[in-house]
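Read the figures in this text as sums done on the coordinates, not as results from a lab. This structure is a prediction, so every number in the text was calculated from the model and none was measured. When we count neighbours, we look across all protein chains shown, and the Cβ atoms used for this are built from the backbone with ideal geometry, even at glycine.
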Protein chains: 2
Amino acid sequence: MCEANAYLLKGDQQELIMESVDILRPEEGKVYIQDIFGGQRWVEGRIKEMNLVQHRILLTQD
Amino acid sequence: MCEANAYLLKGDQQELIMESVDILRPEEGKVYIQDIFGGQRWVEGRIKEMNLVQHRILLTQD
């Protein structure tokens with residue numbers, strides 16, 4: 001499977017906020033994320049970087 | 001491999017702009033994308049939606 005883990009940057013820490021992310025949709029000041037099991041979450045912030053080969057999504061609230 | 005293809009939404013068409021995308025980084029009004037071979041491109045626009053299981057990244061200039 002090709003899902004990724006989503007992390008939220010807090011200072012110099014990266015907090016894992018969702019595993020196995022399938023769908024990602026930036027909205028006004030938020031990011032909608034959905035995992036492969038249908039779990040959903042809206043996170044305040046924006047996408048900072050994604051690295052698909054490393055299965056990493058990094059969100060930030062900066 | 002878990003890279004994805006990037007498409008740019010133009011009207012109701014989706015134009016394939018890069019295959020095998022590895023890294024994706026939204027910047028001011030642009031999106032930086034890099035493929036697994038090191039090819040780089042900056043696309044004017046923003047991320048509309050990503051679907052990792054379907055290996056699809058959709059950008060828009062709306």
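Assorted remarks:
- Cα-based Rg and Dmax for chain B, where Dmax is the largest Cα-Cα distance (Å): 10.6, 31
- DSSP assigns beta bridges within the protein assembly as shown; of those with both partners inside it, close to 85 percent run antiparallel.
- Checking every one of the GluC sites (Glu not before Pro) in chain B against DSSP loop status and a limit of 12 other Cβ atoms within 10 Å picks out B:Glu28.
- Taking 0.36 nm per residue of sequence separation and removing the Cα-Cα distance, the B:Leu16/B:Lys48 pair yields an extension gain of 10.1 nm.
- Closest Cβ on chain B to the rotation axis that carries it onto A (distance rounded to whole Å): B:Cys2, 2
- Part-to-part distance (alpha-carbon centres) for the stretch B:40-62 and chain A, which is given in Å: 15
- Cross-link pairs beyond the 21 Å C-alpha cut-off, checked among A:Lys48/B:Lys10; A:Lys10/B:Lys30; A:Lys10/A:Lys30: A:Lys48/B:Lys10; A:Lys10/B:Lys30
- Using θ = phi - 60° in the Karplus curve 6.51 cos²θ - 1.76 cosθ + 1.60, the 3J(HN,Hα) couplings for the stretch B:8-17 round to 10, 6, 10, x, 9, 9, 10, 9, 5, 10 Hz; x is entered for Gly and Pro.
- Overall form of the protein assembly as shown: rounded. Here a/c, set by the Cα gyration tensor axes a ≥ b ≥ c, is under 1.5.
- Each Lys and Arg contributes +1 and each Asp and Glu -1, all at the Cβ; summed about the Cα centre of chain B, the dipole is approximately 60 debye.
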